[in-house]
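Remarks on the structure that follows.
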Amino acid sequence: MTSRVGLDCNITLAGPLALDGGGALAPVDFAYETYGTLNADASNAILLCHALTGDQYVASDHPVTGKPGWWTRMVGPGKPIDTDRYFVVCPNVIGSCMGSSGPASLAEDGKPYGMRFPVITIRDMVRAQAMLLDHLGIDRLYAVVGGSMGGMQVISWAATYPTRVASAVIIASTARHSAQNIAFHEVGRQAIMADPNWRSGEYYADGKGPDAGLAVARMAAHITYLSEQGLTEKFGRRLQNRDAKTFGFDADFQVESYLRHQGLSFTDRFDANSYLYITRAMDYFDLAEEHGGHLANAFRGSATRFCLVSFDTDWLYPTSESRNIVHALNASGAPVSFVELSAPFGHDSFLLDVPDLNRVVDGFLKAGGQ
Amino acid sequence: MTALRPDLAIIAREVAAGTRVLDVGCGDGALMAALRDEKQVDARGMELDPANVAECVARGLSVIQGDANIDLADYPEGAFDYAILSQTLQTTMRPDLVMEQLLRVGRKAFVSFPNFAHWRVRLSLLWGGRMPVTRLLPIAWYETPNIHHVTVDDFRALVRDQGIKVEGAWFLSGDRLTSAAAANFRAEHAVFLLSR
């Protein structure tokens, strides 16, 4: 029995959680962390939504890698998402592999779901989070904040539960996955499914998962998170621990060595089936489609304040995607701020040192309390 | 509002309380903040420079990074009581089209601009034979953002051609109001309130 608040919390809720794809999930496991203290009228809660391979360890050390939380630049005492001021909740999304219900969870028959786990959507993740917040006694959120897939959840929150979200921060994200986004994900999924160890997802019993396939998926995806300029500055054509090309297929180039390392280390902390499920959820995401083809309809009558940030070197979810959301919000009259920040790190900029991002988030959140 | 630039102070004084306002080219948000704090205005802004946008958002203002030449088209018709364009008209690609957009998204519009026919500008050109560099036009021709210099009379002619009504006009010499008489000669700066 763990506490309801604090680090490394787990709870199983009865559900059922009705799913966009039909059917339901019950019961639903949640792994989450909270930081700070919920005030007496429960009005200072901020929900943090993590990205594709993120997790609940937003500001505490990761149990597998031992590395600091993924957003310690943004979350903590005195940081823009100030844990002295706000009560921060960060749940692991359903479909993932860090403790919330996912393909590695046990089904009714006591065996892992594997590919029997239902295909889920971003909105399913959001509805699950709403269940968890109900359990925690939080009705209205001071803010929902997320980058990348986290931003998709934020925008889905604002559309699904407009009265529960006072402020929404959507960073380096999109209201729909483009053909190019889907294409890159499909490369990753095919790499996993082509690995003979995948075995239609039933690899949990002997612990020999499709590591090679998952590593390739991560390598392909990782390229999309960086800018060409960033790759060139970091690696150029420099060779890895050697003076000359080997005329073979070792990792001659530093960039090859780096990507191989990224791929391999990823397999230590992530489940291949979860990667399939979550990328699918992202590919299915198209908020306009859920609202009769008009994105503005998703926000009609919304009282939520919005803040969107994009980065000039992000080619995964470029500025045009954020502008698309801004136009819809303008059309529906919602209060919206938007800025494209300059940063050299590509899509990953939202996780890295961009002082203007901290300034914008800090000011926007504080203004929500006025 | 004493800290506001004189043309902005006029606009801040004239905007009706509790209205919806779009400030196009809002800079660091000084006018928006004044309107919000002193007139309970629902103020939105558009600004080209990302550092200014970040500054505005950090002040709690709703500002989007955008270009008056392009992004005004994305607002629905009549979305605002006022659209404001201060010291920006002369920097736009097509001032006439921007004016049309202003009065499409706003029921009324404030437009302020430096008057290129002010006597100092005229003298400078007449006697110096060079493109004038004055207090309100301090940047040399090759690097000024002012690509469409305009005079009070030019502006009146454009407004007439576009069938736009002038609801009010204020003229500034230095930081002081000056009379409308011979404004094209005597005013350094003009503020117009327009409607359809």
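Since every read-out is calculated from the coordinates, none of them should be taken as a lab result. It should be emphasised that the depicted structure is a prediction, and the values quoted were computed from it without experimental measurement. Counting neighbours? That spans all protein chains shown, and the Cβs are built from the backbone with ideal geometry, glycine included.
Results, tabulated for the structure shown:
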quantity	calculated
The range A:138-244: C-alpha gyration tensor shape, a/c 1.5 cut-off, then a/b vs b/c	oblate
Share antiparallel - DSSP beta bridges, chain A, percent rounded to 5	35
Over chain A, relative contact order from alpha-carbon pairs under 8 Å, at least 6 apart, %	17
Residues A:ILE155, A:ILE122 arranged by fewest to most Cβ contacts within 10 Å	A:ILE122, A:ILE155
Per-residue mean of C-beta atoms belonging to partner chains within 10 Å, peptide B:44-55	4
Within straight-line cross-link reach of A:LYS111, lysines at Cα separation under 29 Å, skipping those fewer than 8 residues along the same chain	A:LYS208
Under 16 Å from A:LYS366, Cα to Cα: lysines that are on another chain or at least 8 residues apart	A:LYS79
Computed E for B:GLU38/B:PHE185 - FRET, C-beta separation, R0 41 angstrom, nearest 0.05	0.75
Inter-label distance for A:HIS135 and A:ARG116, nm, one decimal - labels placed 7 Å from Cα along Cα-to-Cβ	2.2
Integer Hz, Karplus 6.51/-1.76/1.60 couplings in order for the range B:155-162, x for Gly and Pro	5, 4, 5, 4, 4, 5, 4, 8
Chain lengthening between A:VAL5 and A:HIS291 when straightened (0.36 nm per residue, less Cα-Cα)	99.4 nm
